[in-house]
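Just below is one structure, and these are the notes that go with it.
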Amino acid sequence: MTTKERIFASIAVLLGVLASLAGLEIVMRFLPVQTGVRLAPVTAQAPVAHLQPNEPYTFSTGWNLRNVNRGRINNAGFVNDQDYQPQGAKPLLAVVGDSFIEARMVPYPQTLQGRLAKALDGEFRVYSFAASGAPMSQYLIWAQYAVREYGARAVIINIVLNDFDESYIAYRTSPVYWVYVADADGQLRLRFFEYRQSALRSILSKSALARYVAINLKLEYFLQTMASWRSAAPRQAAATPARATGDAHDADARRLNISYAVIEAFFRDVHAMIDLPPDRILFLVDGYHYPNAAAVNAGGYFDRMRRAFIAKAAALGYGVIDLDPQFFARYRQRADRFEVPDDGHWNAFGHEVAADAALSSDFMRRLRDGRDGAAAEVQ
């Protein structure tokens with residue numbers, strides 16, 4: 001084969017590949033490929049993270065596009081069927097959290113905030129402030145924002161298993177959110193980092209085929225996990241000499257100690273940053289959902305963290321509900337599963353359990369009665 005023939009053959013192969021990709025792109029645009037969501041830039045002038053406003057989204061999982069759900073990002077940049085207004089005739093209840101509260105995988109009326117909005121219609125507005133990947137440290141920013149900008153009279157904050165360590169800079173998984181960093185005196189202080197979506201990511205997000213490979217086939221998650229594995233060992237070795245000797249116990253102890261310090265800093269900042277009395281703040285603490293899972297993980301990292309968090313919240317007079325007894329009772333009664341298949345977030349049943357717990361709480365009774373009180377609750 002001559003050089004000219006080889007060139008023409010290569011061009012033909014390239015054109016064939018491009019034509020195949022173009023065909024796949026066209027097909028994918030007619031399928032419920034997950035769109036993902038785009039984060040707005042986080043800057044010194046706009047330090048409160050949120051999504052790009054006024055955009056629709058499609059959620060699905062896996063190669064076969066299961067668990068399809070469609071929704072919208074509202075005018076404020078949060079996943080909610082309502083547009084937010086700074087002022088309203090009814091007082092505002094804010095619901096704050098991460099992807100469990102963002103809940104792109106569940107129709108809005110079936111979410112915790114959707115259920116609360118329906119149950120409290122005529123008494124309160126209910127707005128949610130949440131985004132995927134946010135740690136507990138970021139919840140402070142959104143709760144403060146809800147009170148300052150929207151006049152929230154009460155806040156419900158949902159706490160999940162990865163909130164404690166990922167609120168510290170060494171363990172963070174997203175560059176978008178506020179996290180704790182130790183200052184010169186060793187005190188944990190909140191710090192934000194500017195974020196702008198890269199041009200390449202912005203371009204690829206417009207391709208249904210690229211999103212299918214990155215999100216539905218989890219290529220992006222795989223690459224992020226590999227990057228975390230590569231970076232975690234040297235980072236922890238530098239911070240903890242015992243890690244260099246292979247002492248995993250000491251590494252776990254460091255994670256525990258940092259997480260306990262995060263809890264202390266978090267409650268210090270709840271008091272300083274959220275201009276509400278303790279009885280107007282309710283923490284929902286997620287758990288293992290099923291009795292067998294709780295038994296297997298008893299004494300583990302998350303079990304210890306959630307117990308420490310619940311005890312601290314109660315001691316300081318905040319409302320706090322351990323959701324596990326609610327999940328256990330529902331499971332024993334009806335054998336429901338509480339997670340979206342192939343995803344792990346709450347499904348409609350999970351949101352229903354959380355909503356029922358909040359609605360039946362002393363926190364909610366005081367709020368609806370318009371009474372103030374200092375008594376904490378642990379349920």
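Points to keep in mind about this one:
- Only listed residue being in a loop (DSSP other than H, G, I, E, B), open to solvent by less than 40 Å² (accessible area, probe 1.4 Å) and either among the β-branched types (Val, Ile, Thr) or touching a residue at least 12 places away in the same chain (Cβ under 8 Å) (or both), chosen from Pro32, Pro53: Pro32
- Residue that is surrounded by the most Cβ atoms within 10 Å (Cβ to Cβ) [pool: residues in the range 172-190 that are under 23 Å from Ala130 (Cβ atoms) and modelled with pLDDT under 95]: Val176
- Verdict on Pro47 being under 23 Å from the mean Cα position of the chain (by Cα) and closer than 30 Å to Ala146 by Cβ: yes
- Candidate set: the range 128-163, residues that are of a type in the set (Ser, Thr, Tyr) and open to solvent by 10 Å² or more (accessible area, probe 1.4 Å); chosen: the one nearest to the chain's Cα centre (by Cα): Ser132
- Cβ-Cβ under 8 Å pairs, at least 6 apart or on other chains, the range 289-318 side free of Cβ contacts under 8 Å to residues at least 40 places away in the same chain, far side surrounded by fewer than 17 Cβ atoms within 10 Å (Cβ to Cβ) and among the polar types (S, T, N, Q): Asp303/Asn297
- Selected residue (criterion: nearest to Ile159 (Cα to Cα)) from residues of the range 257-272 that are aliphatic (A, V, I, L, M) and buried (at least 16 other Cβ atoms within 10 Å of the Cβ): Ile263
The values are calculated or read from the model by the stated rules, or taken from the named source; none is laboratory data. As the structure is a computational prediction, the values presented were derived from the model and not from experiment. Using ideal geometry, Cβ is built from the backbone for each residue, glycine included, and neighbour counts are taken over all protein chains shown. The protein model used for the area step is the full one, side chains on, heavy atoms only, and it has no ligands, DNA or RNA in it. Shrake-Rupley method; radii C 1.70, N 1.55, O 1.52, S 1.80 Å.
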